[in-house]
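Chemist: First, the structure itself, so that you have it in front of you.
Please treat every number below as a calculation from the coordinates, not as lab data. Treat the numbers as computed from the prediction; the structure is a model and nothing was measured. Neighbour counts are summed over all protein chains in view; Cβ atoms, including those assigned to glycine, are modelled from backbone coordinates with ideal geometry.
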Amino acid sequence: MPELDQSQLKVSPLGEVSKFLSAHENFKNAFISSSIPQVCKDEPCVLGVDEAGRGPVLGPMVYGIAFCPIESNKELVDLGCADSKELTEEKRDIIFANMNTKESSNSCIGWSVEVISPSVISANMLRRTKYSLNEISMDSAIGLIKRAADEGVNIAEVYVDTVGPPEKYQAKLSNIFPYYKITVAKKADSTYPIVSAASICAKVTRDHALKLWRFPEGLKLSHETYGSGYPGDPDTKRFLSENADLVFGYPNLVRFSWSTAETALNGHAYDVEFDDIDDTKQEYEGEQITKFFKGKTIKGQIKRERHQFFKRRFLGKVEF
Amino acid sequence: MSINLELSQSQLNDPKTNDIKLHYMPASIQGDGAANVDLFFNNYTAEENGVMRNTFRGHSLEGCKFTVPNTHKGLIFQETDTPLDENTNRVFKLAGSFDSFNYWNYDKAPSKADAFRQMWDVVSVAEAMSADISMDDIEKEMERRKKKTEDSKEKSEP
């Protein structure tokens, strides 16, 4: 990811995650992780990958991984790691807290998440050469796996949840990590408890990051006023239509690269045009043969064009 | 029709008008009015290895400080009312002055290749164009041309 600027935290309990999220500069990416249990370095481990907050127009997207020894699968099931979409927010918070505080869990399960800020998402998607959300996601997942491996986790099997076509993603991962047994599947979080654990970590972080968002722009808005961030949420819709700034558009909680945000700005803020968004389109630069037929006024005088020196520098006469 | 620019030395020296923080943006904002620059923009400016970074409407910007050549001064004029009658004189009042501003590029590090940078060549061209010419300079130039024509005659004659 081009934007490497990020802050880091090693934590466990939920309270610390919240404290960290509300103190950190929320336009940067952040990295939060648990400590790594010794058994995860000694025994071969399964590692699950999932994301949260891909679709919303507000707040960060969070990528998460969780890992534990292959033998410890039962502990995940005991914790209640099942399809995270079936779980209520409250339930997820409890499981996350137990995962970090219960002796039987924190001795064998480790996790880490990357919080990808809405400004980083927008800036990447709106580059001159587009860096798509899919690429951002994959690079984040790869980064998290690499990081865990670097810190000594004995990874044997990797399970990844995906929304897109699994084959291409699986081929890419197998290429980067040839020694791991890699499985990319749709709805993996309901099939594999370890993916479900990763999903819970990502979702809990995403929910808290959005709830605890402080606006560097000085807006005093609570979570209730902007809602879940999903484009269909009536609170989110109202927030977008009521909080547009004429010049700057929105605070950086909003993903400007979402068409929802763009449409909502229409009529609520000044139109803005960036210079040469499409400067890949090269115009023919040499002299054209048709120039011999034009360039004269009706009386036959030759029209004088401004010298290249001025044209290249976009210099012209000022008229009042 | 003529245009009057109103400014005084005391205004130019007044620190209140002399310290305007400007941003040269790589986008045209189709509107005119106050902007909450401090909270929505300056707040986010980060600097690393001499390159400043920020975003505007989600687009990433890279920028640097640009200092106005010390032979020049940046001035901002404002016209309060544009007269409807074309023959009336127009009056522009000094609204502020500046010696530097932040120059931003859209997703591209600022460099000498930017048209904006090259625009400043005009300053030296204009200086050469409008510099005073003394009698001495004219004689020198005449001498130079005479020599040039003699040289070319010598080359073609033998």
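Chemist: Between region A:39-93 and region B:1-20, what is the C-alpha centre distance in whole Å?
Modeler: So the separation of the two Cα centres works out to 63 Å.
Chemist: A follow-up question, please. At 7 Å along the Cα-to-beta-carbon direction for both B:LYS146 and A:ASN134, put a label point, then send me their distance in nm to one decimal.
Modeler: If labels sit at B:LYS146 and A:ASN134, their model points lie 7.8 nm apart.
Chemist: In addition: Going 7 Å from the Cα of B:ASN4 in the Cα-to-Cβ direction, what parts of region B:79-107 have a backbone nitrogen less than 11 Å from that spot?
Modeler: Only B:89-93 pass the distance filter.
Chemist: Under a point spin-label approximation (7 Å from Cα along Cα-to-Cβ), what is the A:LEU219-A:LEU246 distance to one decimal in nm?
Modeler: 1.8
Chemist: Would you list, by chain and number, the lysines whose Cα falls below 16 Å from the Cα of A:LYS41, excluding same-chain residues fewer than 8 positions away?
Modeler: Answer for A:LYS41, where 16 Å is the Cα cut-off: A:LYS146, listed by chain and number.
Chemist: For a quick check: sort A:ASP235, B:ASP137 by the number of other beta carbons within 10 angstrom, fewest at the front.
Modeler: Going from sparsest to densest Cβ surroundings: B:ASP137, A:ASP235.
Chemist: Within a 10 angstrom radius of each residue's Cβ in B:122-129, how many Cβ atoms of other chains show up on average? Whole number is fine.
Modeler: Partner Cβ neighbours, averaged per residue: 1.
Chemist: Would you mind finding the longest exposed-site-free stretch of chain B, with exposed GluC sites (Glu not before Pro) meaning DSSP loop and at most 16 other Cβ atoms within 10 Å?
Modeler: Formally, the longest exposed-site-free interval is B:1-78.
Chemist: Could you sort out which of A:LYS220/B:LYS73; A:LYS74/A:LYS203; A:LYS130/B:LYS21; A:LYS91/A:LYS130; A:LYS91/A:LYS181 sit more than 29 Å apart by Cα distance in this structure?
Modeler: The answer is A:LYS220/B:LYS73; A:LYS130/B:LYS21; A:LYS91/A:LYS130; A:LYS91/A:LYS181.
Chemist: If you build the Cα gyration tensor of chain A and take the root of 5 times each eigenvalue, what three semi-axes come out, in whole angstrom, biggest first?
Modeler: Working through the eigenvalues yields semi-axes of 49, 25, 16 Å.
Chemist: If amide hydrogens are placed 1.01 Å from N in the peptide plane, which non-local residues have theirs closer than 5 Å to the one on B:LEU61?
Modeler: For B:LEU61, whose amide H was placed from the backbone, the distant partners under 5 Å are B:ASN54, B:THR55, B:PHE56, B:ASP107.
Chemist: A follow-up question, please. So what's the gap between the Cα centers of region A:212-231 and region B:77-137, to the nearest angstrom?
Modeler: Measuring centre to centre over Cα atoms gives 42 Å.
Chemist: How much mean residue ellipticity at 222 nm does chain A get from its helices, if each DSSP H run of length 4 or more adds -39500 (n - 2.57) and you divide by all residues, to the nearest 500 deg cm²/dmol?
Modeler: -11000 deg cm²/dmol
Chemist: On to the next question. Treating each Cα of region A:203-277 as an identical point scatterer and ignoring solvent, apply the Debye formula and state log10 I(q)/I(0) at q = 0.14, 0.16, 0.22, 0.23 Å⁻¹.
Modeler: For region A:203-277 at q = 0.14, 0.16, 0.22, 0.23 Å⁻¹, log10 I(q)/I(0) is -0.46, -0.60, -1.06, -1.14.
Chemist: Taking the number of other C-beta atoms within 10 Å as the exposure measure, put A:THR162, A:THR205 in order starting with the fewest.
Modeler: Fewest-to-most Cβ neighbours within 10 Å comes out as A:THR162, A:THR205.
Chemist: Test of understanding: ordering A:CYS68, A:CYS40, A:CYS201 by Cβ neighbours within 10 Å, fewest first, what list do you get?
Modeler: A:CYS40, A:CYS68, A:CYS201
Chemist: Per-residue Cβ counts within 10 Å, from other chains only, averaged over B:24-34: what number is that?
Modeler: Per residue, the average neighbour count from other chains is 4.
Chemist: Using the beta-carbon distance between B:TRP120 and A:ARG147 and R0 = 30 Å, what value does 1/(1 + (r/R0)^6) give for FRET efficiency, to the nearest 0.05?
Modeler: Once the sixth-power term is evaluated, E becomes 0.05.
Chemist: Sticking with this structure for a sec: From the Cα gyration tensor of region B:1-134, with a ≥ b ≥ c the square roots of its eigenvalues, which class applies: rounded if a/c is under 1.5, or else prolate if a/b is larger than b/c, or else oblate?
Modeler: Oblate is the answer for region B:1-134, as a/c is 1.5 or above yet b/c matches or exceeds a/b.
Chemist: Still on this structure, I have one more. Please compute the contact order of chain B in relative form: average sequence separation of alpha-carbon pairs under 8 Å and at least six residues apart, divided by the residue count, as a percent.
Modeler: Worked out over chain B, it gives 29 percent.
Chemist: Across the residues of A:118-131, average count of Cβ atoms on other protein chains within 10 Å?
Modeler: Counting other chains' Cβ atoms within 10 Å and averaging over A:118-131 gives 3.
Chemist: Between A:SER104 and A:ALA171, what length in nm is gained on full extension when 0.36 nm per residue of separation is reduced by their alpha carbon distance?
Modeler: 20.6 nm
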